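A short write-up of the structure that comes next.
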Amino acid sequence: MSGGAARYDLPEADDFTRPYWDAAAEGRLLLRRCGDCGRAHHYPREFCPYCWAGEDRVTWETASGRATLYTWSVIHRNDLPPFGTRVPYTAAVVDLAEGPRMMTEVVSCEAADLRIGMPLTVTFREAADGVSVAVFRPDQGQSSSRTQEPSAASVRR
């Protein structure tokens, strides 16, 4: 990055992961699914981590955006830019409806209201111009939406 402080929240997209990041910028969560064993996986890999089927047998698919909360931790201190301006925030692991487990962040929910197994839905936070990341919020029967980078004032959910 020229002219600015280093940021530790932006992906390093390459030719393989570009479809994932392009879909996120459009408000869609992609997974990879194996044509041999049928299992979905996340994070994106060129091969199936379950049966080792090769790149020609694993394809992209759009996820439903539904998940359940597996575990979480409220982060009160993070000195890496720009996380320090977001504290406290809720780092989480969710079980996607399609099966894979995913590291993420839970937004729009007080930590005291979090419960293991609570239903969540994907939403997307714009981290930089044209770069969005999947985060999750409590499922209130709404379709996925986009959120902007929270301001320092709105971080105290």
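The values are calculated or read from the model by the stated rules, or taken from the named source; none is laboratory data. Given the structure is predicted, the values throughout are model-derived calculations rather than measurements. Don't worry about glycine lacking a Cβ; one is built from the backbone with ideal geometry, like all the others, and counts go over all protein chains shown. Each accessible area value is taken on the protein alone, full model and side chains, heavy atoms only, with ligands, DNA and RNA left out. Shrake-Rupley method; radii C 1.70, N 1.55, O 1.52, S 1.80 Å.
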## Note on the structure
Checked the range 14-46 for anything farther than 21 Å from PHE136 by Cβ, without any contact (Cβ under 8 Å) to a residue 40 or more places away in the chain and either in a loop (DSSP other than H, G, I, E, B) or among the polar types (S, T, N, Q) (or both); matches are ASP14, ASP15, PHE16, GLY35, ASP36, CYS37, GLY38, ARG45, GLU46
### Query
In the range 82-99, which residues are at pLDDT 95 or above and either surrounded by 19 or more Cβ atoms within 10 Å (Cβ to Cβ) or closer than 25 Å to LEU30 by Cα (or both)?
TYR89, THR90, ALA91, ALA92, VAL93, VAL94, ASP95, LEU96, ALA97, GLU98, GLY99
### Task
Would you check if there is a residue in the range 139-156 being modelled with pLDDT of 95 or more and open to solvent by less than 40 Å² (accessible area, probe 1.4 Å)?
no
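Would you please name the residue that is most open to solvent (accessible area, probe 1.4 Å), looking only at residues in the range 100-129 that are of a type in the set (D, E, K, R) and within 22 Å of ALA24 (Cα to Cα)? Reasoning before the result, please.
Here is the first cut: in the range 100-129, the ones of a type in the set (D, E, K, R) are 101, 105, 110, 113, 115, 125-126, 129.
Pick out the ones that are also within 22 Å of ALA24 (Cα to Cα) and you get 101, 105, 125-126, 129.
Values: ARG101: 115, GLU105: 16, ARG125: 14, GLU126: 58, ASP129: 148 Å².
Restricting to residues being of a type in the set (D, E, K, R) and within 22 Å of ALA24 (Cα to Cα), the top hit is ASP129.
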### Query
Do you know which residues across the range 20-35 are open to solvent by 50 Å² or more (accessible area, probe 1.4 Å) and either at pLDDT below 95 or not hydrophobic (A, V, I, L, M, F, W, C) (or both)?
ASP22, GLU26, ARG28, ARG33
### Query
Among the residues of the range 71-81, which ones are in contact (Cβ under 8 Å) with a residue 12 or more places away in the chain and crowded, with 16+ Cβ neighbours inside 10 Å?
TRP72
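ALA63: under 15 Å from GLY38 (Cα atoms), open to solvent by less than 40 Å² (accessible area, probe 1.4 Å) and within 18 Å of the chain's Cα centre (by Cα), yes or no? Steps first, please.
Details: under 15 Å from GLY38 (Cα atoms): yes; open to solvent by less than 40 Å² (accessible area, probe 1.4 Å): yes; within 18 Å of the chain's Cα centre (by Cα): yes.
When the stated conditions are applied, ALA63 passes them.
Any residue that is within 25 Å of ARG32 (Cβ to Cβ) and of a type in the set (S, T, N, Q) - is there at least one of those in the range 89-104?
Restricting attention to the range 89-104, the residues satisfying the condition of being within 25 Å of ARG32 (Cβ to Cβ) are 91-104.
Adding the requirement that they be of a type in the set (S, T, N, Q) leaves 104.
Yes: the range 89-104 contains one or more residues that are within 25 Å of ARG32 (Cβ to Cβ) and of a type in the set (S, T, N, Q).
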### Task
Could you grab me the full set of residues in the range 47-70 that are part of a helix (DSSP H, G or I) and in contact (Cβ under 8 Å) with a residue 12 or more places away in the chain?
ARG57
